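Derivation of every value follows stated rules applied to the coordinates shown; laboratory data play no part. Remember, predicted model here, so these are calculated numbers, not experimental data. Cβ: placed from backbone, ideal geometry, glycine included. Neighbour counts: every protein chain shown.
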Amino acid sequence: MKGMKHVEKDNSLPLVSVLIPTYNRPHYVTLAVQSVLRQTYPNIEIIITDDSTNDATKEALVPFVNSCHNLTYIKNDHNLGGEKNFQKVYSLSKGEYVNYLMDDDLFLPEKIKRMMEYFLQDKFGTIKLVTSHRRAIDEYGRELSDSKYTEPRAAQEVIMNGWIAGNSIISEFNWIGEPTTVLFRKKDLIEPFGTFCGRQYRSGVDVASWLVLLAQGNMAYIPDTLSYGRYHESNLSKSEDTRLRAIMDWIHLIFHSYKKGFLRSTVDRKGAIESCIHHIQMIKPTVGEKGKQELAFYAHLVKQQAAEMEEKEASYMKKYYRFKTNTAKPLPLVSVLIPTYNRPHYVQLALESVLHQTYPNIEIIIGDDSTNNDTKEVLKPYLHCYPFITYYKNEQNIGGELNFQKVYEYSKGEYINYLMDDDLFHPQKIEWMMEYYLDDTDENYKLVTSFRPIIDGEGEIIPEGLYQRYPHDLVINGLEAGDSLVEEFNWIGEPTTVLFRRKDLIEPYGSFAGRQYYNSVDVASWLTLLAQGDMVYIKDPLSFTRSHDNQVGNRQSLRVSTTTDWVHVLFHGEKKGFLKDVGKKRRSIALCMSHIHHVMVHYPLTSAQVQEMMFYKACLQQYLHTLQE
């Protein structure tokens, strides 16, 4: 069209759908369409769904429909209403990315291009929405001064953690912006637009969807003005019903946002409740008698929620604080140690599972032994937001064993839980396990473990991997548990599964009876701990162990080192009190010899490895012969 800057279409770039639901605003919607046609990003489709009560909009858009090959216009047969029209235009879109445009708002020419730069550089899909400063304009398009709602949130471009950003819009106001302001990836909107935790919002439809997106990752903020939001009489005046619906939406957020990871801390929850109650008091004078009664009911609901939260908090503090001479001692620090190697996507998921923990005193140590900076880039936003995360990048690759020990050296916690970089914690893992330690005044418990399902590379539970050792929580004698590890298999679990007291690990992690193990590093440390006391088994699934092809444990060469570790336990376990029973020892030796035979038959070994396995077999046969005499 005349006056429109032509941008050559480029199908090699992802398609962006600009969605314009419109209602009786023919003049404004033509200006909105023109602002999309001026975009410098070269692969855009425009979808317009017209819910107007007359044909004025249809007639105004005829020139665009006739001349723009990338524009689709639909006139609804009957008036659908705003909510359904929003969803209809979304259903018609084909783009990988979506940006709504309110029919009276405007895009600046660089908006889509600037925002898409973030998504195109986001190799691991961690950014879930991009927003920017948006300038208010009046009905004539004149710029208005910024208010607290529109003033820039940051002075420079920044990537923000999704939960932190979400908490702020729940507790403060929607500074992220209206639908016009935000560009997002279509597949990330896992609920219909305007829906949060299964409820279709009536007023805060944009906030509902921003929270759905923020619960899954980070957001990018651009301080430059990339869109205009129009303020005029028809959208400034909010009816009493609209104001009441906004309060209902807000209350739903407070009650349900924790399900998505928001308002996890007491401070955030109290802040949101106080803001909501304050807002209720503010709008009371603006509503009629019926509205006042409704607001009084909502205020009662929120205050009741606040009282319940305070009661839970008091119960929590009473349960988890030790008292000595009437002085409360804070909860012990738990160090979660994450050694990682070239798994940026998985380690991000692992980290987020720690950030969801309900236990309130945790530090996170991440030791990055990767051969590139991908992991560093993925973790960078978290390091800015969470002061209790310590991250280091090794100058050169030091290998798994040394990296395991290095993260341990960095830690300060009284209690330790490793987290393999591709595994996950249940949100209450640390809390439930620490419950046992805090009640263990005699310090008899040397490790706490739990049932752990096996998940695949996509996070789906593998039914064949479901093995629950006991149907109920149980305290088990340490020596008996250790015997069963040697006699059967490592049912206690991998490093992710176990929480232990730091001072009880009297040998370096992965060592047993003075020897650093090559493969069975977890078993070595479990035996070191079990030699000193009892263990606790929790029947509930408190962690998830990932099984996929790209794992160190899947390499065939390590089966030989597993045998070396096993033989060492058989010859030296008795020094620590294990395998005192001759029958158990014989069964353990027989099982190890069977393992040796299996490895030699089914795996290609070098001549040196064959000789090593034959040597172990001969030693075990001699040992077995000695026991039978």
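Summary of values
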read-out: Subset of Lys123/Lys380; Lys58/Lys148; Lys94/Lys123; Lys380/Lys406 violating a 25 Å alpha-carbon distance limit; value: Lys58/Lys148
read-out: Separation between Cα centres of region 57-123 and region 141-217, rounded to whole Å; value: 18 Å
read-out: Nearest 10 degrees, 0 to 90: helix 521-530 Cα axis against the chain principal axis; value: 70 degrees
read-out: Dipole moment magnitude, nearest 20 debye, the chain about Cα centre, only Lys, Arg, Asp, Glu C-beta charged; value: 280 debye
read-out: Protection-proxy order for peptides 70-76, 597-603, 350-356, 403-409, each taking the mean of Cβ atoms within 10 Å per residue, highest first; value: 350-356, 403-409, 70-76, 597-603
read-out: Relative contact order, percent, region 103-228 [alpha-carbon distance under 8 Å, six or more residues apart]; value: 44 percent
read-out: Acute angle (nearest 10 degrees) that the helix 344-355 long axis makes with the longest principal axis of the chain, alpha-carbon atoms; value: 90 degrees
read-out: Sequence-distant residues sharing a close amide H with His426 (under 5 Å, placed H); value: Ser543, Phe544
read-out: Distance from region 528-545 to region 258-278 (C-alpha centre basis), Å; value: 34 Å
read-out: Amide H contacts of Phe196 (H built 1.01 Å from N, under 5 Å, at least 5 apart or other chain); value: Tyr201
read-out: Where N is the number of residues in the chain, Cα Rg divided by 2.2 N^0.38 Å; value: 1.20
read-out: Among the listed pairs Lys111/Lys186; Lys259/Lys284; Lys412/Lys446; Lys260/Lys303; Lys429/Lys539, those beyond 20 Å (Cα-Cα); value: Lys259/Lys284; Lys260/Lys303
read-out: For peptides 538-546, 87-95, 420-428, sequence by mean Cβ density within 10 Å, most packed first; value: 420-428, 538-546, 87-95
read-out: Leading residue at positive end of dipole, the chain (Cβ point charges), from Val521, Ala350, Gln609; value: Ala350
read-out: The chain, relative contact order [Cα under 8 Å, separation at least 6], %; value: 9 percent
read-out: Net length gained if the chain between Thr40 and Ile398 were fully extended (0.36 nm per residue, minus Cα distance); value: 124.2 nm
read-out: Dipole magnitude of region 489-629 about its Cα centre (Cβ charges: Lys, Arg +1; Asp, Glu -1), debye to nearest 20; value: 160 debye
read-out: For region 437-445, 3J(HN,Hα) per residue [Karplus equation, 6.51 cos²θ - 1.76 cosθ + 1.60, θ = phi - 60°, Hz, x = Gly/Pro]; value: 5, 5, 8, 8, 5, 8, 6, 7, 7
read-out: Separation between Cα centres of region 386-445 and region 457-509, rounded to whole Å; value: 16 Å
read-out: Test item: Cα-centred dipole of region 9-84, Lys/Arg +1 and Asp/Glu -1 on Cβ, debye; value: 180 debye
